[in-house]
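The block underneath contains the structure these notes are about, expressed in structure tokens.
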Amino acid sequence: MKNNIYDNYCEITFDSKSENEGFARVVAASFCTGLDPTLEEISDIKTAVSEAVTNAIVHGYNNGPGEISMKCMILDGIFTVIVHDDGVGIDNIHRAMEPLFTTKPEMERSGMGFSFMEAFMDELKVESAKNKGTTITMKKRIGAQV
């Protein structure tokens with residue numbers, strides 16, 4: 001539900017299909033253009049969103065059917081994106097966030113998704129419960145740093 005304190009807000013829901021990862025990237029990048037981001041900032045956002053959505057598809061729903069929701073918000077020059085799935089959840093968030101850890105080595109997963117999200121965004125918060133899904137909240141300040 002929209003919170004009226006934001007300068008701008010959007011929410012979309014899409015199927016858990018690999019082709020929708022690119023769609024989510026474009027939506028997030030396009031949404032933040034009103035803040036006049038640099039190409040590097042846009043690239044960072046697209047990479048982080050790609051990782052979050054791919055995690056929902058591959059790990060949350062095990063490449064099966066499901067829905068992913070994405071909320072984008074802007075407030076005072078800070079872009080926030082929340083990616084949520086109602087999938088299997090994460091047993092141990094701390095372990096899952098360790099670089100190179102993967103639950104799907106047979107799929108040649110690198111285990112760097114959360115590391116990329118942390119590196120490209122200013123803040124990362126992961127909330128999850130077994131069989132109740134995962135919510136990833138990421139924030140990035142757009143524009144000159146003082």
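The values are calculated or read from the model by the stated rules, or taken from the named source; none is laboratory data. Computed from a predicted structure; not experimentally measured. Every residue, glycine as well, gets a Cβ built from its backbone with ideal geometry; the counts of neighbours run over all protein chains shown.
Among G133, G77, which is out of contact with any Pro (no Cβ under 6 Å at 6 or more places or on another chain), modelled with pLDDT of 70 or more, of a type in the set (G, A, S) and within 17 Å of Y6 (Cβ to Cβ)?
Of the residues listed, the single one that is out of contact with any Pro (no Cβ under 6 Å at 6 or more places or on another chain), modelled with pLDDT of 70 or more, of a type in the set (G, A, S) and within 17 Å of Y6 (Cβ to Cβ) is G77.
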Tell me whether segment 79-88 contains one or more residues that are assigned to a helix (DSSP H, G or I), within 14 Å of I136 (Cα to Cα) and charged (D, E, K, R). no
At pLDDT 95 or above, in a helix (DSSP H, G or I), closer than 27 Å to I142 by Cα and touching a helix residue (DSSP H, G or I) at 6+ places or on another chain (Cβ under 8 Å): is that true of V53 in this structure? yes
Which one is surrounded by the fewest Cβ atoms within 10 Å (Cβ to Cβ), of the residues in segment 4-48 that are outside any helix (DSSP H, G or I) and in contact with a Pro (Cβ under 8 Å, 6 or more places away or on another chain)? D15
State all residues of segment 18-41 that are within 17 Å of E67 (Cβ to Cβ) and among the polar types (S, T, N, Q); if no residue qualifies, say none. S18, N20
Of everything in segment 65-83, what is out of contact with any Asp or Glu (no Cβ under 9 Å at 6 or more places or on another chain) and closer than 14 Å to N20 by Cβ? Give them in sequence order. V83
Could you go through segment 56-66 and let me know if any residue there is under 20 Å from E123 (Cβ atoms) and either in contact with a strand residue (DSSP E or B) (Cβ under 8 Å, 6 or more places away or on another chain) or in a helix (DSSP H, G or I) (or both). yes
Unmet requirement for S50, which otherwise passes all of (1) more than 16 Å from M117 (Cβ to Cβ); (2) of a type in the set (S, T, N, Q); (3) in contact with a Lys or Arg (Cβ under 8 Å, 6 or more places away or on another chain): (1)
I'd like the full set of residues that are at pLDDT below 70 and either farther than 30 Å from T38 by Cβ or of a type in the set (S, T, Y) (or both), limited to segment 110-130. S110
